[in-house]
Amino acid sequence: MRQKLRVAAYAICVRDGQILLARSPAQDGTPEWVVPGGGMEHGEDPYDTVRREVEEETGYRIDVTGLLGVDSFRRVFRDGIGRTVDHHAVRFVYEGRIIGGELRYEVNGSTDLAAWQDLDAVPGLVRVPLVDTALRMWRERPVTGRLADALDQEQYPPR
């Protein structure tokens, strides 16, 4: 069994009743909304990762204003060639405030669109479960950095 660990950092940026989201294709090609952010590079601090990733995916520079929590899940699945993969994801969720830059789309990256979405419209969007988890962290601000009833790992498809 192949083991895979992925550590990533994401930012919730909310202003004037809207949240900044990026759009990424799911495995089947369906566009789905995601929280701006992504995987850490070797030796990179998660704080630097989230700032770099938000700028890459949206064009905005952010000030990290707080750590909302850490989301961790583990899932075992078969990859495209039938090998079993034990995938563990650890995701830092930060709060960010836009301090510069201009909204733009990522070119040749993991996302193809960035946009401000009304918070009230989020439940109707096609989105990854991390959007809901991160918004709950933003709203609830759990002292432990973990939601009391962390979402079921089965909701997270491999990416």
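The values are calculated or read from the model by the stated rules, or taken from the named source; none is laboratory data. As the structure is a prediction and not an experimental result, all values here were calculated from the model. No Cβ is skipped: glycine too gets one built from the backbone with ideal geometry, and neighbour counts run over all protein chains shown. Surface areas here come from the heavy atoms of the whole protein model, side chains and all, with no ligands, DNA or RNA. Shrake-Rupley method; radii C 1.70, N 1.55, O 1.52, S 1.80 Å.
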Pairing the Cα long axis of helix 46-58 with the longest principal axis of the chain, what angle in degrees results, from 0 to 90 and rounded to the nearest 10?
70
For the ranges 66-74, 22-30, what's the packing order if you count other beta-carbon atoms within 10 Å of each residue, average per peptide, and put the highest first?
66-74, 22-30
Give the relative contact order (percent, whole number) for segment 24-159; include only Cα pairs under 8 Å separated by 6+ residues.
28
GluC sites (Glu not before Pro), restricted to segment 39-115: which are DSSP loop and have at most 12 other Cβ atoms within 10 Å?
Glu41, Glu102
Which value, in Å², gives the accessible area per residue of segment 4-53 when a 1.4 Å probe is used on the protein heavy atoms?
47
By the Cα gyration tensor axes a ≥ b ≥ c (a/c under 1.5 gives rounded; else a/b larger than b/c gives prolate, otherwise oblate), the shape of segment 1-99 is prolate
Where does helix 129-140 land angle-wise versus the long Cα axis of the chain, in degrees 0 to 90, nearest 10?
50
Considering only protein heavy atoms and a 1.4 Å probe, what is the carbon-and-sulfur percentage of the accessible area of the chain?
48
Scattering from the C-alpha atoms of segment 54-159 alone, worked out with Debye: what is log10 I(q)/I(0) at q = 0.24 1/Å?
-1.38
Cβ charges +1 (Lys, Arg) and -1 (Asp, Glu), total dipole of the chain, debye
440
Distant-in-sequence amide H partners of Gly59 (H built 1.01 Å from N, under 5 Å)
Arg104
